Amino acid sequence: MSEAKPSTRVLTVPNLLTFMRIGLIPVFAIALVYEEEALALLIFTIAGVSDGIDGFLARRMQQESELGTILDPVADKLLMTTAFVMLTMPGVMGTDEPHLPVPFWVTACVIGRDIAIVTIAGAINVMTGFRGFRPSWLGKASTFVQVVAVIVILVAAVFPTNNGLFLPATYVVVAGFAVFSGIHYIYFVAKLMREADDAGA
């Protein structure tokens, strides 16, 4: 039995959730600029939860679409990039927490991974025409860790503590997942290309 192809529909429930997530990004950034960390925490939590819900609904309601396949990871990257850039900027976080803002090296790992993956995928597509890119399980795990980490960071901003290991440990975990998932994706894409070659043969 052939696998059902994603539809070309635009106004599906999962896509509407993705649109909402994109719309919340500037609201989240504005809340941080005006030092409304509690509001930013609420907005980001809603956006993060919607990321898991839209994928579940797409499969459950059989509303997987070509637009959703493209837009969902783009929304994820926009949300996470905005979050880490804003949380790294000095003066944005109005808090007494000693381990804020987020160190630059953490944000560099998060954004650097995404840039590396996009660059590699683009180069492979230009050289070979291969387009069957999919997220790896480690990449999904890294995104989940980043969402949880941002929530933890915002909780620390709303409820400052002097726990010396709380946030530094979070930063190490986020950076570690970003680096290892980026390296793993190179081997994952090579596997996808071999499978595509075998199927073609």
**Complete:** Plugging the Cβ-Cβ distance of Trp105 and Ala199 into 1/(1 + (r/R0)^6) at R0 = 30 Å yields, to the nearest 0.05, a FRET efficiency of 0.15
**Spacing of the two label points (7 Å from each Cα toward its C-beta) at Ile120 and Leu42, in nm** = 4.1
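In what order do Leu154, Leu167 fall by count of nearby beta-carbon atoms within 10 Å, going from fewest to most?
Working: Leu154 27, Leu167 22.
Lowest count first: Leu167, Leu154.
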**Nearest-ten-degree value, helix 166-200 long axis tilted from longest Cα axis of the chain** = 10
**Request:** Could you check the simple spin-label distance between Ile151 and Arg60, using points 7 Å along Cα→Cβ, in nm with one decimal?
**Result:** 1.7
**Mean residue ellipticity (222 nm) of the chain, computed from DSSP H runs ≥ 4 via -39,500 (n - 2.57), nearest 500** = -26500 deg cm²/dmol
**Complete:** Here, Ile183 and Ala169, labelled 7 Å along Cα→Cβ, have an inter-label distance in nm of 2.4
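Every read-out reported here was derived from the displayed coordinates using simple, explicitly stated rules and does not represent laboratory data. Here the structure is a predicted model, which means the values were calculated and not measured. Every residue, glycine among them, receives a Cβ derived from its backbone with ideal geometry; neighbour counts consider all protein chains shown.
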